[in-house]
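The values are calculated or read from the model by the stated rules, or taken from the named source; none is laboratory data. All figures in this text were calculated on a predicted structure; none of them were measured in a lab. When we count neighbours, we look across all protein chains shown, and the Cβ atoms used for this are built from the backbone with ideal geometry, even at glycine.
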Amino acid sequence: MSSSPGPFECLPPTWQWFDPHRESSTRPLINGTQLPITAKHPDPAPSPLPPWLDLPSDQSPKLYTLVFPYSVSQAKLPTIVHSTNGQDQIGRRSNIHLLLGLKKRGFGLGHINAFGGKPILLSTSPPLDDDHVIESPLDCALREFAEETSIELDQHVVSSTLKAHGRLLIHASHPSASVEDKFANELSLLYIFSLPLDHDQLVAAKETDEMCPHIYPLNNLPFQDMHPESSLLIDLIFGPRNAHHQQLPSPAYFFDARIDYQGVTDAMSSGEQGRASQATAVRTCRRRIARRWSVNFYDSPPAQ
């Protein structure tokens, strides 16, 4: 598996971020076959890895941004922690809180996620590969965040505090390679940001037609309702969850990550079932299993 997400020379200039030939960090490449959130219910990775997991050479990724808004509290006294499993417990309050939202429509419906979306075209001419036709990752992140939270902020101030951490290539495929299968060669490139805010600003988030916002302590996130890659992104931005103390987003390194998913159904992963039950599962129970992932690190920030 290559350590870089892919040779996407076709990306608009402001979306290039990491040159394939730029010098990496002294931090070693990390990789694996299962994400932390999926390791609880592991599915054995195929060996050797099948060719349908290879990155399609003739396909350009869909571009997205993803913003993780957070606040930092000085409170460190013991308090009641409202657990996502419904059982409250005495614990130490997380000094970092994240604003996340329940997706109400479109891709990811019913999942809890950070805020973001696709860039918009600024004009139809000059040619589409011109830098000024499509909005930049930063502008896209700011616009989508405002649309999905209704938080009114000084855009000049926010643009100076919005921190770019890296990008994540998501490749999802399936042995069937059916054009009707949404997991057949899905290719998305996510540009990841964090945004420090006051807690009062997080509270000001309002429900929109796209997202229903909610504030979570960093040490008690609803991973069971989030996309599998969320666990990796949270660790890359805020530090490992098994660390002795929680960390602010690190300015020390930037990442270029890739995850290859296999699209599966509950019928596929639970053994042989009848054709009728399998057909029902294909329509209603699709999910992703991470087959491999890697993260490359850089010492210098992305070229924006």
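Tabulated values for the structure
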| quantity | calculated |
| --- | --- |
| Odd one out for Ser188 among (1) assigned to a helix (DSSP H, G or I); (2) of a type in the set (Ser, Thr, Tyr); (3) at pLDDT 90 or above | (1) |
| Test result for Ile112, modelled with pLDDT of 85 or more and more than 20 Å from the chain's Cα centre (by Cα) | no |
| Hits in region 129-149 - residues which are closer than 20 Å to Ile237 by Cβ and either part of a strand (DSSP E or B) or of a type in the set (Val, Ile, Thr) (or both) | Thr149 |
| Boolean, Ser194 is modelled with pLDDT of 95 or more and of a type in the set (S, T, N, Q) | yes |
| Single residue of Glu180, Glu152 found to be at pLDDT 80 or above, in a loop (DSSP other than H, G, I, E, B), over 20 Å from the mean Cα position of the chain (by Cα) and more than 20 Å from Pro12 (Cα to Cα) | Glu152 |
| Residue in region 72-79 that is at pLDDT 80 or above, assigned to a loop (DSSP other than H, G, I, E, B), touching an Asp or Glu at 6+ places or on another chain (Cβ under 9 Å) and among the small types (Gly, Ala, Ser) present | no |
